[in-house]
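Throughout, read-outs are computed from the coordinates displayed, never taken from laboratory work. Remember, it's a predicted structure, so these values are computed and weren't measured experimentally. Note: ideal-geometry Cβ built from the backbone for every residue, glycine included; neighbour counts use all protein chains shown.
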Amino acid sequence: MPKTLRLGFIGAGGMTKAHTDAMAGFTDVTFAAFCDVKKARAKAMADSFGAEAFSDPAKMFAAIDLDAVWINLPPFAHGEAEFAALAAQVPFFVEKPINKDVKQAAKIAAAVEKADLITCAGYMNRYRKSADAAKKLLAADPVAYASGGWLGGPPRSGDPQGIWSWWIQKDKSGGQFVEQVTHTIDLARYLMGDAESVSAFAATGFVTGIKKYTMDDALAVSVKFKSGAVANFCASVACEARGGVFLDLYASQHAVCMTGWGHDALIYEAGKKKPKAVSGEAPGGAHIFGVEDRAFLKAVRSGNPAAIRTTYADAVKTLELTVAATVSAEKGGKPVTLKY
Ligand SMILES: NC(=O)c1ccc[n+]([C@@H]2O[C@H](COP(=O)([O-])OP(=O)(O)OC[C@H]3O[C@@H](n4cnc5c(N)ncnc54)[C@H](O)[C@@H]3O)[C@@H](O)[C@H]2O)c1
């Protein structure tokens with residue numbers, strides 16, 4: 001019998017619920033501790049699993065012997081939790097985006113490298129069947145041009161205690177490009193390699209009547225990749241009539257067009273009349289969050305990070321690109337060269 005791994009969770013909100021739901025059938029783990037600045041939230045989750053509740057990450061690590069921890073916090077709330085996990089030498093999973101502050105994220109990445117700690121970032125789209133098919137094809141037929149993004153309507157309703165309390169405030173979430181289009185950028189980086197520079201323009205003033213709303217209404221972003229490829233990415237919360245998620249990748253002999261949250265793909269090949277459909281579900285039809293959780297747990301158990309598709313250090317690059325787009329837009333479109 002393998003040892004039961006004792007798991008902790010920092011941030012007792014929507015994504016901790018999503019991950020505990022996804023791991024509900026895992027027989028080799030136990031949910032041992034929950035931590036939230038709002039202790040009542042941690043206690044409500046802890047009570048449902050017979051676990052302990054905390055409001056301070058360092059106190060949680062001091063009190064409970066954990067094998068791994070999930071850090072499911074809003075972008076503005078990172079730092080303390082990661083450094084506490086590092087001090088306790090506990091491998092950590094961090095939901096995307098891993099931070100909103102690139103400098104702090106780079107500092108954490110350097111500490112992770114020094115400590116040789118297993119980490120995983122929550123970019124679940126890299127584990128989809130469509131991503132596997134695209135990765136294989138595009139390794140042999142590289143992408144020259146891509147476009148992608150997330151388009152939706154104004155965030156008018158939702159739980160004022162939960163995600164909506166911070167999502168609509170750019171200084172807390174980083175804005176839609178940093179918080180949401182981060183998925184598209186991460187998948188593009190997975191399939192196209194690293195980027196070298198970015199420039200962007202923002203639209204503001206179209207979305208009105210939402211208390212505390214400080215986001216850009218839309219962002220149009222151009223990226224140059226180190227491979228020589230170029231791409232256009234977009235974010236918008238300005239339109240009630242039509243929305244969607246997409247990533248289209250164009251190579252010499254193939255085009256891969258992914259759509260929706262599930263990233264189902266149509267793969268076009270030169271000379272063939274009909275595209276091939278590849279599902280965005282996880283191999284075996286498993287829950288996509290459970291698949292990334294299982295990859296992280298496999299690495300924790302074995303000490304070998306091979307199953308993890310986005311490490312913390314890799315996610316720093318995705319964060320840097322999304323933040324650079326926002327910075328460029330604030331500077332009226334001036335290109336920003338990427339460092340990491
Ligand atoms: N992978 C995905 O598809 C996906 C989907 C939704 C959200 N997310 C990401 O997951 C992260 C968490 O989002 P969520 O939906 O769970 O948010 P949420 O608002 O539902 O929950 C966040 C929780 O963190 C707590 N918190 C805030 N600051 C804290 C601190 N310093 N220490 C401890 N707890 C603190 C809050 O009280 C709240 O309970 C975000 O980065 C978000 O972008 C990912």
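So the values come out like this:
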read-out	value
Globularity index of region 161-247, i.e. its alpha-carbon radius of gyration over 2.2 N^0.38 Å	1.18
Choice from 241, 133, 202 showing the highest fluctuation, given a GNM over the chain with Cα pairs closer than 10 Å	241
Helical contribution to [θ] at 222 nm, DSSP H n ≥ 4, -39,500 (n - 2.57), averaged over the chain, rounded to 500	-10000 deg cm²/dmol
Qualifying lysines (Cα of each under 23 Å from Cα of residue 129; at least 8 residues distant if same chain)	96, 272, 273, 274, 276, 298
Principal axis dimensions, region 129-280 - Cα atoms, whole angstrom, descending	52, 31, 23
Calculated on alpha-carbon atoms, Rg and Dmax of the chain in Å	19.9, 63
Volume in Å³ per residue [convex hull over Cα atoms, computed for region 20-134]	129
Zone of residue 340's modelled label, taken as backbone nitrogen in region 281-319 under 17 Å from a point 7 Å along Cα→Cβ	309-319
Whole-angstrom gap from region 243-308 to region 164-180, using each part's C-alpha centre	26
Counting all C-alpha pairs of region 1-80, share separated by more than 14 Å (%)	58
Likely footprinting exposure, 258, 23, fewest C-beta neighbours within 10 Å first	23, 258
Region 101-216: equivalent-ellipsoid semi-axes (sqrt of 5 x gyration tensor eigenvalues, Cα, Å)	29, 21, 15
All-pairs alpha carbon distance profile, region 266-340, 5 Å steps from 0, percent	3, 12, 12, 11, 12, 13, 15, 15, 6, 1
